[in-house]
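Trainee: Mind looking over this structure? Questions follow.
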Amino acid sequence: MGVARTPLIAGNWKMNLDHLQAIAFVQKLAWSLRDAKHSSNEVEVAVFPPFTDLRSVQTLIAADKLELAHGAQDLSAHDSGAYTGEISGAFLSALSCRYVIIGHSERRQYHHEDDALVAKKTVAALRHGVTPVVCVGESAEDLAEHGPSAVPVAQLRVVLDELTTDAEFVVAYEPVWAIGSGQAATPEQAQQVCSALRATIAETLGDDTADRTRILYGGSVKSGNIAGFMNQSDVDGALVGGASLDVDEFSAIARFPKHVGTV
Ligand code: PEP
């Protein structure tokens, strides 16, 4: 019998909200979830602010005992040294980051990060006790040429080859054509790829690891379409970009159990 996986709703702020705006946002989000009697045991909610906000967000969450997690949007594959502009996993760990996003398509596209670097960063995160959220996904051209699962599965395989069966990680399936486009994948498309990704984890690291690993869908998720994704057996949450910058909208996405079953 499979294990129950706690859904994760993750908000990737990208390069938005400075540290003062971050404090106001996190406070409002926490109030909104508290008013709705949201339980983090039922659905975990995490925010991924820019690096310069992390200390403020960490302090607020700890001081007010908010039921929110926080993570970073990237990290260095190195632990320390002459790497100007880079951020070590050790620094993220010192700021109580539970998660770090790795291999987002914007890093792959604009910063030329390849699968090998994504694998190195994943290992670096694990070395420092920060759970990697490894992003994979195909472009529109990949989809036309190779079909839906081939590219994300190949990307994930490179990372899995570096991991051991006890590794705690999250996978985010984000079709590049769906990110920021307003054109989300269908729930069935998301399920098809997430199921192929889980099968790849099972093949590489075994059934137990595959059973407990959360796989998120990302790409134009909104409160109006989250339920369709969460009704799929292999979708364990969402990585949300644009809609995570609107408190009410992000809070409504996190409260998806209220609308699951209604689609
Ligand atoms: C993202 O950038 O990870 C993302 C999913 O963006 P959006 O929700 O805006 O499509």
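Trainee: Order 231-240, 33-42 from most to least packed using the mean count of other Cβ atoms within 10 Å.
Mentor: 231-240, 33-42
Trainee: So, one more: Carbon and sulfur atoms: what percent of the 1.4 Å accessible area of the range 10-258 do they account for?
Mentor: Carbon and sulfur together cover 51 percent of it.
Trainee: In square nanometres, what is one fourth of the surface area of the convex hull spanned by the alpha carbons of the range 129-208?
Mentor: 5.7 nm²
Trainee: Given the pairs Lys121/Lys258; Lys65/Lys258; Lys65/Lys120, which span a C-alpha to C-alpha distance of over 26 angstrom in this model?
Mentor: Going by Cα-Cα distance, Lys121/Lys258; Lys65/Lys120 fall outside the 26 Å limit.
Trainee: In square nanometres, what is the average projected area of the Cα convex hull of the range 7-50?
Mentor: Convex hull of Cα atoms, orientation-averaged projection: 3.0 nm².
Trainee: Quick one: what does P(r) look like for the range 188-263 with 10 Å bins over all Cα pairs, in whole %?
Mentor: 20, 45, 26, 8
Trainee: Starting from the coordinates of the alpha-carbon atoms of the chain, obtain the Kirkwood hydrodynamic radius over all distinct pairs and give the value in Å to one decimal.
Mentor: About 18.3 Å for the chain.
Trainee: Using a 1.4 angstrom probe, figure out how much accessible area the chain has per residue, in square angstrom, rounded to the nearest whole.
Mentor: 44 Å²
Trainee: By the scheme Lys and Arg +1, Asp and Glu -1, what is the net charge of all other residues having a beta-carbon under 13 Å from that of Thr204?
Mentor: -3
Trainee: Then there is this: Treating only the Cβ of Lys, Arg, Asp and Glu as charged (+1, +1, -1, -1), what charge dipole size does the range 10-258 show about its Cα centre? Round to the nearest 20 debye.
Mentor: So the magnitude is around 740 debye.
The values are calculated or read from the model by the stated rules, or taken from the named source; none is laboratory data. Owing to the predicted nature of the structure, the values given are computational and were not obtained by experimental measurement. Quick reminder, even Gly has a Cβ in these numbers, built from the backbone with ideal geometry, and neighbours come from all protein chains shown. Only protein heavy atoms, including side chains, enter the accessible area calculation; ligands, DNA and RNA are left aside. Shrake-Rupley method; radii C 1.70, N 1.55, O 1.52, S 1.80 Å.
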